[in-house]
Amino acid sequence: MLRFPQLYKITQNADGFNTRVFWGHCINALIHSIILFWFPLKVLEHDAVFTNGQGPDYLFVGNIVYTYVVITVCLKAGLETTAWTKFSHLAVWGSMLLWLVFFGVYSAIWPTIPIAPDMLGQAGMVLRCGYFWLGLILVPTACLVKDVAWRAAKHTYHKTLLEQVQELETKSKELGKTMLRDSNGKRFTSFSKRLHGDDVRNPPGPPFQPQPPTPCIFFSPS
Amino acid sequence: MAVNYNAKEEADGHPSGVGAPGGAGKSRKPDNTAFKQQRLPAWQPILTAGTVLPAFFIIGLIFIPIGIGIFVTSNNIREYEIDYTGTDSYSPCNKCLNVSWNSTSPCTCTINFTLDQPFETNVFMYYGLSNFYQNHRRYVKSRDDSQLNGDNSSLLNPSKECEPYSTSEGKPIAPCGAIANSMFNDTLELFRIDNETRIPITLNKKGIAWWTDKNVKFRNPSGNTNNLTALFQGTTKPVNWPKPVYMLDSETDNNGFINEDFIVWMRTAALPTFRKLYRLIERENNLQPTLQAGKYSLDITYNYPVHSFDGRKRMILSTISWMGGKNPFLGIAYITVGSICFFLGVVLLVIHHKYGNRNTSADIPN
């Protein structure tokens, strides 16, 4: 941040979250909802879903829709994440797994525990349905294909400063330079010192830096 | 007061060289761990057109053949449907159109049809209803699952959700609720016509309900299962049923609450036009198709009135594939999404060529 103080402009102008971004997300959510509801409904409306000819019910459709919702929401959240720490992985994949576990348990507790009689047997039948697995590949992909394409296109033809800086950092990492950044963009001085033994105050950097790096000095107001 | 912050490994958290004001007090500085100083190792993916291009093309190239495969499989499934509501005057079932639930003599009608192509594998016989909202909220709630699970106290004391179908003539109804009360009770029989002789086709009524339903969720009240009449003592039949629940079938493992037609009906459908499994027609041997091409006749005992709410009734014969019944939507959806992916991949390729190799040095705006 000290090398590119212009990065502060992003939060000052509320570029990351303003009315336009909000409504963009709302409309996106509306499109996702349409896909997430109507695709499974149309797939299951003929009531012929099992290889033994048996039929589904309204909860079956609902459980399938909800599973797709969980998968899509987790992947969308992951798409918005710029830095994946181990907690991000836990949140994204762990949420999907947690829903699956909950679904399995909730479908089996009646009548031992007197709740959820209508869910009995749902998990087994849902996971046994070929349409569920085919839809699991199709529906989240259909929802997110536009988001991924939009993001990739924007990053390519209309890069913001933040994205440019992030790309520079990854490029310099690939080139093996000693300037290492952590997930917050802060200079990870002790680590680089241990690895390369360079002078942490003035590491050699790419030639495009606008001003020489200044040492980190914090002034506390007295 | 200027503090020179050295990011040395200070595990104990105390600042070096500067005493905290007040002497022996603990420093309020956060620990210098990776978690608290936000230094966790992270993966920072950069999504550009060039990096996601291959994925889009691969997805497109995978989805389109899958979609074609599913569509072709679905088209190969044989399905035959007969609407036997009888609203048209020329229909054989027109005379049964205004039957009511308490008609003393059952109304029967026969519909003759022809199968052009044989049905090779196992055939499933469904009954379908239209304009019947099994997904109405109060209707769906109108049941007592403890009673259906064989709980003796719920048998004589149905839950409030079943109102107004919980008691009749002073006695509790078993099974209570609107879902049970509106159970489908037409009888369908299939005959093959072979040179003026009617050969009945064996219809199997076992195995049409979910295993968990038949074996766990629905249980008869505990007691001697050979005498179901005694187990249901003190209850009465639902208002619109011709016979009580312990007379649904003569076989004891298909009588009472565990009757499979009853269980299939109680599994409420999601849409107003639905179909439910009625019978199975099994293939006798591998040499002959299950249903040969030719003339058939459907005998209907028309008990279920649907005309008052503009409902329709149908009988459907269908084969099943590895993924289920006939449904072209999934195949078309796969082909569509695959094509969109491929198209977006092409668009990204164009964008990548035009803008992707611009000078990525940071042009700092002033």
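The values are calculated or read from the model by the stated rules, or taken from the named source; none is laboratory data. These numbers were taken from a predicted model, which means no experiment stands behind them. Positions of Cβ are backbone-derived with ideal geometry, glycine not excepted, and every protein chain shown enters the neighbour counts. Note: areas computed on protein heavy atoms with side chains; ligands, DNA, RNA excluded. Shrake-Rupley method; radii C 1.70, N 1.55, O 1.52, S 1.80 Å.
Brief remarks on what is shown
- Test item: B:253-260 mean partner chain Cβ contacts at 10 Å: 0
- Shielding by other protein chains, B:264-271, mean Cβ within 10 Å: 6
- Only helices enter this figure: runs of n ≥ 4 DSSP H residues, each worth -39500 (n - 2.57), summed and divided by the residues of chain B, yield -7000 deg cm²/dmol at 222 nm to the nearest 500.
- Taking every protein chain into account, the accessible area of the protein assembly as shown amounts to 53 square angstrom per residue (probe 1.4 Å).
- Taking every protein chain into account, the 1.4 Å probe leaves residue A:73 with about 90 Å² of accessible area, to the nearest ten.
- Built amide H within the under 5 Å cut-off of residue B:296, gap 5+: B:113, B:114, B:115, B:193
- Helix B:49-75 axis, angle to chain B major axis (alpha carbon atoms, nearest 10°): 10 degrees
- Interatomic Cα distance distribution for the protein assembly as shown, bins of 10 angstrom, percent: 3, 13, 19, 18, 14, 11, 9, 8, 5, 2, 0, 0
- Gap separating the Cα centres of region B:155-182 and region B:273-351, nearest whole Å: 35 Å
- Carbon and sulfur %, accessible surface of the protein assembly as shown computed with the full protein complex present, 1.4 Å: 60 percent
- Each semi-axis of the equivalent ellipsoid for region B:150-261 is √(5λ) with λ an eigenvalue of the Cα gyration tensor; in descending order they amount to 31, 16, 13 Å.
- Taking a straight Cα-Cα cut-off under 22 Å and skipping sequence neighbours fewer than 8 places away in the same chain, the lysines within cross-link reach of residue B:237 are B:141, B:160, B:171, B:214, B:217.
- Reachable lysines from residue A:42, criterion Cα separation under 22 angstrom, eight or more residues apart if same chain: A:146, B:276, B:313, B:326
- Our note on the geometry: Cα centres of region A:31-110 and region B:199-243, 34 Å apart.
- For region A:118-136, heavy-atom accessible area (probe 1.4 Å) falls by no less than 30 Å² from the chain alone to the full protein assembly at A:120, A:125, A:131, A:134.
- Reduction of at least 40 Å² in accessible surface, 1.4 Å probe, comparing all protein chains with the chain by itself, residues of region B:285-325: B:323
- Net charge over other residues, Cβ less than 15 angstrom from the Cβ of residue A:147 (K, R count +1; D, E count -1): +3
- Angle in degrees between helix B:328-355 and the longest Cα principal axis of chain B, rounded to the nearest 10: 20 degrees
- In the B-A interface, the accessible area buried, summed over both sides, Å² (probe 1.4 Å): 6600 Å²
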